[in-house]
Amino acid sequence: MAGSEPRSGAGRRRYRVELTPSAARQLRKLDPQVGRRIAGAIELLALDPRPPASRQLRGRPGYRVRIGDWRVIYTVEDDVLLVLVLRLGHRKDVYDG
């Protein structure tokens, strides 16, 4: 029946997205164009914290999502509807440390 399906996002739980102080600092340091792309991807995690493009990390808890050559490392706490961005950076050094 036409019109009986909920619109995209309707009735879905929305997660709160928080950045650690170091992740916020890393985001501010980026080139403005790259920063906008990454900020947009982070905002989308509020609607779907485990999008099809995300991958679960190996050897430690959390997930990563790719934005070109950049990576966002985050954890998801389903019981409190929270996505916590731990790190973000270029793929060559985001996994170090």
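The values are calculated or read from the model by the stated rules, or taken from the named source; none is laboratory data. A quick note: this is a predicted structure, and the numbers were derived from the prediction, not measured. With ideal geometry, Cβ positions are generated from the backbone for all residues, glycine too; neighbour counts draw on all protein chains shown.
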Region 17-59 - residue that is β-branched (Val, Ile, Thr) and in a helix (DSSP H, G or I) and, of those, nearest to the chain's Cα centre (by Cα): Ile42
Would you say Leu57 is modelled with pLDDT under 95, of a type outside the set (Asp, Glu) and touching a Lys or Arg at 6+ places or on another chain (Cβ under 9 Å)? yes
When you check Val72 against the structure, is it modelled with pLDDT of 95 or more and within 9 Å of the chain's Cα centre (by Cα), yes or no? yes
From Leu30, Leu57, which residue is surrounded by 11 or more Cβ atoms within 10 Å (Cβ to Cβ) and farther than 15 Å from His90 by Cα? Leu57
From the set of residues in region 78-93 that are farther than 23 Å from Leu30 by Cα and surrounded by 13 or more Cβ atoms within 10 Å (Cβ to Cβ), which is farthest from the chain's Cα centre (by Cα)? Leu81
Can you name every residue in region 65-91 that is without any contact (Cβ under 8 Å) to a residue 24 or more places away in the chain and in a strand (DSSP E or B)? Ile73, Thr75, Glu77, His90
